[in-house]
Amino acid sequence: VQLQASGGGLVQTGGSLRLSCAASGVTSSTYVIGWFRQAPGKEREFVVAIMSSGRRSFYADSVKGRFTISRDNAKNTVYLQMNVLKPEDTAVYYCAVASDSAAIVVSTARYDYWGQGTQVTVSS
């Protein structure tokens, strides 16, 4: 499994960015794709996840109403639209896959494959 995250950058407070995660080699029929983030000196934290079917998603409270996850099955790509960005959203964002999972999972330990991360910086 390979995951390629992209779309990060520098944006001002209140701005928007769209991250992409292109997945290849996933053989599980049911799996979860999640986004996590890690700020300097902090632990990696859950942001949002979506089922492989696209029918269910789950957001961390800190991003609910501002971030939207979606997927394009034809392109095997998951998108994270981030609006109304805040300085506290600054972090390296990672996409990950939890194989053979029939339910949304939020623990990093449950995810088997990780992308390389993309930096998001929100200036105040």
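The values are calculated or read from the model by the stated rules, or taken from the named source; none is laboratory data. These figures come from a predicted structure and were not determined experimentally. Ideal geometry is used to build each Cβ from the backbone, glycine not excepted, and the neighbour counts take in all protein chains shown. SASA here: full protein model, heavy atoms, side chains in, ligands and nucleic acids out. Shrake-Rupley method; radii C 1.70, N 1.55, O 1.52, S 1.80 Å.
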Problem - Members of the range 80-91 found to be surrounded by 18 or more Cβ atoms within 10 Å (Cβ to Cβ) and either assigned to a loop (DSSP other than H, G, I, E, B) or touching a residue at least 60 places away in the same chain (Cβ under 8 Å) (or both), listed by number - result: Leu80, Met82, Leu85, Thr90
Problem - Meets criteria (part of a strand (DSSP E or B) and buried (at least 21 other Cβ atoms within 10 Å of the Cβ)) for Phe46 - result: yes
Problem - Filter result (in contact with a strand residue (DSSP E or B) (Cβ under 9 Å, 6 or more places away or on another chain), β-branched (Val, Ile, Thr) and more than 17 Å from Thr108 (Cβ to Cβ)) within the range 22-43 - result: Val26, Thr30
Practice task
Could you please find all residues in the range 51-79 being assigned to a strand (DSSP E or B), surrounded by 14 or more Cβ atoms within 10 Å (Cβ to Cβ) and not small (Gly, Ala, Ser)?
Solution key: Met51, Phe58, Tyr59, Phe67, Thr68, Ile69, Arg71, Thr77, Val78, Tyr79
Fill in the blank from the handout: For the range 97-117 the number of residues that are open to solvent by less than 20 Å² (accessible area, probe 1.4 Å), over 15 Å from Gly54 (Cα atoms) and either among the charged types (D, E, K, R) or outside any loop (DSSP other than H, G, I, E, B) (or both) is 0
Completion exercise
By residue number, the members of the range 24-43 that are surrounded by 21 or more Cβ atoms within 10 Å (Cβ to Cβ) and more than 12 Å from the chain's Cα centre (by Cα) are Tyr31
Handout entry: Filter pass, Ser123 being open to solvent by less than 70 Å² (accessible area, probe 1.4 Å) and out of contact with any strand residue (DSSP E or B) (no Cβ under 8 Å at 6 or more places or on another chain)
Key = no
